[in-house]
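The structure under discussion appears below in the form of structure tokens.
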Amino acid sequence: MDDAPPPPAFGETELRLIETAERLFAQSGIADVSIRGLIAAAGQRNQRAVVYHFGSLEGVVESLIRLRRHEINARELEALHAAGPARRPAGGREPAARELERHVRALLEATGRVATHTPWGPSFVKMYPALLLRLAPGTRAALPATLWSAHELVLEAYAVV
């Protein structure tokens, strides 16, 4: 991992819709939030604002994940740098498993720090598994299987965090 990519760029209206969706998801659950309810809660007069900016409610979910994962990824990079240089696996399953464990530990540490040091962290960590499961099948299919395997380990640990 080199340097973190720049944060995703969202306009004022997009950010208001994403943050409102995050609040509504945390309050009511993702399945109980409608586009119409999101628009009303965000104070939008344009009834097509969500479709215009995100295409769908799934687009809002993906944007929320991108926004919050950027912060978690930055903290994960810090944790990986603090853990020392990566040990490149020479081959075999054990060295690769140790390196995966190193990354999972860094991700969990980053998640714990976000959960305890940001105003949005506790609700995001609580709903992150549901957000991932809500992603459109095409979006999930585009992610490598190894990423989903690591995510399953992390999602199990999220309950502890």
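Values as computed for the structure displayed
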{"item": "Flag if Ser63 is of a type in the set (Ser, Thr, Tyr), within 27 Å of Pro6 (Cβ to Cβ) and open to solvent by 20 Å² or more (accessible area, probe 1.4 Å)", "result": "no"}
{"item": "Search result, residues across the stretch 99-114 that are open to solvent by less than 70 Å² (accessible area, probe 1.4 Å), more than 9 Å from Ala79 (Cβ to Cβ) and either outside any helix (DSSP H, G or I) or not aliphatic (A, V, I, L, M) (or both)", "result": "Glu99, Arg102, His103, Thr111, Gly112"}
{"item": "Residues of the stretch 17-28 satisfying the condition of being surrounded by 14 or more Cβ atoms within 10 Å (Cβ to Cβ) and among the polar types (S, T, N, Q)", "result": "Thr20"}
{"item": "Yes/no for Glu76 being modelled with pLDDT under 85 and in a helix (DSSP H, G or I)", "result": "yes"}
{"item": "Residue match in the stretch 51-58 (condition: under 19 Å from Arg134 (Cβ atoms), under 16 Å from the mean Cα position of the chain (by Cα) and exposed (fewer than 15 other Cβ atoms within 10 Å of the Cβ))", "result": "yes"}
{"item": "Members of the stretch 1-32 found to be over 20 Å from Gly121 (Cβ atoms) and not in a helix (DSSP H, G or I), listed by number", "result": "Met1, Asp2, Asp3, Pro5, Pro6, Ala9, Gly11"}
{"item": "Neighbours by Cβ (under 7 Å, 6+ apart or cross-chain): first from the stretch 114-125, in contact (Cβ under 8 Å) with a residue 60 or more places away in the chain; second part of a helix (DSSP H, G or I) and aliphatic (A, V, I, L, M)", "result": "Ser123/Ala26"}
{"item": "Filtered residues of the stretch 29-46 (kept if surrounded by 12 or more Cβ atoms within 10 Å (Cβ to Cβ) and without any contact (Cβ under 8 Å) to a residue 60 or more places away in the chain)", "result": "Val33, Ser34, Ile35, Gly37, Leu38, Ile39, Ala40, Ala41, Ala42, Gln44"}
{"item": "Condition met for Thr146 (among the β-branched types (Val, Ile, Thr), in a helix (DSSP H, G or I), open to solvent by 70 Å² or more (accessible area, probe 1.4 Å) and modelled with pLDDT under 65)", "result": "yes"}
{"item": "Residue within the stretch 38-47 that is modelled with pLDDT under 90 and either at positive phi or in contact with a Lys or Arg (Cβ under 6 Å, 6 or more places away or on another chain) (or both) present", "result": "no"}
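The values are calculated or read from the model by the stated rules, or taken from the named source; none is laboratory data. Quick caveat, the model's predicted, so the values are computed rather than measured. Every residue, glycine as well, gets a Cβ built from its backbone with ideal geometry; the counts of neighbours run over all protein chains shown. Accessible surface is based on the protein model in full, side chains and every heavy atom, while ligands, DNA and RNA are left aside. Shrake-Rupley method; radii C 1.70, N 1.55, O 1.52, S 1.80 Å.
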